[in-house]
Amino acid sequence: MGEKIYLVLSDTGTVLTKMIKLYTGTPYNHASIAFDKELVELYSFGRKQPRNPFIGGFVKENTSSPIFSGATCAIYSCEVTKEQLINMKNYIGLIEREKQKYKYNFIGLFAIMLNIQFSRDYAFCCSQFVGRVLSECDSIQFPKPLTLLTPNDLRLDPYFQLEYEGCINSYLNSRSSLSVSIVQNEVVVEM
């Protein structure tokens, strides 16, 4: 093993998120996958335009964007091999290069609600995307079809270990202040 990846589950508080939360009764309804603790390499299927929830697809998420302002999250980690990590990054790179083909799977959301397996070519909802990345790269095999996978299913998978839960801005601020203190310590050592 030796490499870590991060599962980021979030609640941005948007109208769409509130509606989904009302139905699911779960604390987090958006899933993303990250390859670093600082969440710089954070990928998902979601809004392409912050003000329009109906234009969606593959996104490299920016945690400093207004959509994440005040968002709560739970950050989980799991260990993977170097080969699995490379395969995940390659798979996401393939999707990123062809992102114009990919759409958000709104129909799939309704299928999940009705417990109907429904897949579309070049379309994912956030949890389907994260699940596909993990299963395509032989990291995790889920006990249910990926077309029915929800953020809560990811949260409950024993393969993931909870690292942090709370406001995403607090997490990011603690990560950046840790980086600053490490840099300052290195400067002191060099003097």
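Annotations
- C-alpha center-to-center spacing [the stretch 108-169, the stretch 38-61] in angstrom: 16
- Selected from P53, P143, P151 as most flexible by GNM, with the chain as the system and alpha-carbon contacts under 10 Å: P143
- The stretch 75-107 residues near the modelled F54 label - backbone nitrogen below 20 Å, point 7 Å along Cα→Cβ: 102-107
- Rounded tilt (10° steps) of 82-97 against the dominant C-alpha axis of the chain: 60
- Equivalent ellipsoid, the stretch 74-168 (semi-axes from 5 times Cα gyration tensor eigenvalues, Å): 21, 19, 13
- Among the listed pairs K37/K101; K37/K82; K18/K82; K4/K144, those whose Cα-Cα separation exceeds 26 Å are K37/K101; K18/K82.
- Helix axis angle, 168-190 relative to the chain longest principal axis, alpha carbon, degrees: 30
- The chain - percent relative contact order, Cα under 8 Å, separation 6 or more: 26
- Most fluctuating residue given options G70, G13, G93, as computed from a GNM of the chain linking Cα atoms under 10 Å: G93
- Extending 7 Å from Cα along the Cβ direction at Y122 and again at F106 yields two label points whose distance is 1.8 nm.
- Surface analysis of the chain yields an accessible area of 54 Å² per residue, using protein heavy atoms and a 1.4 Å probe.
- Under a model in which nothing but the beta-carbon of Lys, Arg (+1) and Asp, Glu (-1) is charged, the chain shows a dipole of about 880 debye around its Cα centre.
- Enclosing the Cα atoms of the chain in their convex hull gives a volume equal to 131 cubic angstrom per residue.
- Within the listed set T81, T147, T63, the Gaussian network model of the chain (springs between alpha-carbon atoms below 10 Å) gives the highest mean-square fluctuation for T81.
- Computed label-point distance, nm, for sites Y23 and T81 using a 7 Å Cα→Cβ extension: 3.9
The values are calculated or read from the model by the stated rules, or taken from the named source; none is laboratory data. Since this is a predicted model, take the numbers as computed values, not measurements. So basically every Cβ, Gly included, is an ideal-geometry build from the backbone, and we count neighbours across all protein chains shown. Each accessible area value is taken on the protein alone, full model and side chains, heavy atoms only, with ligands, DNA and RNA left out. Shrake-Rupley method; radii C 1.70, N 1.55, O 1.52, S 1.80 Å.
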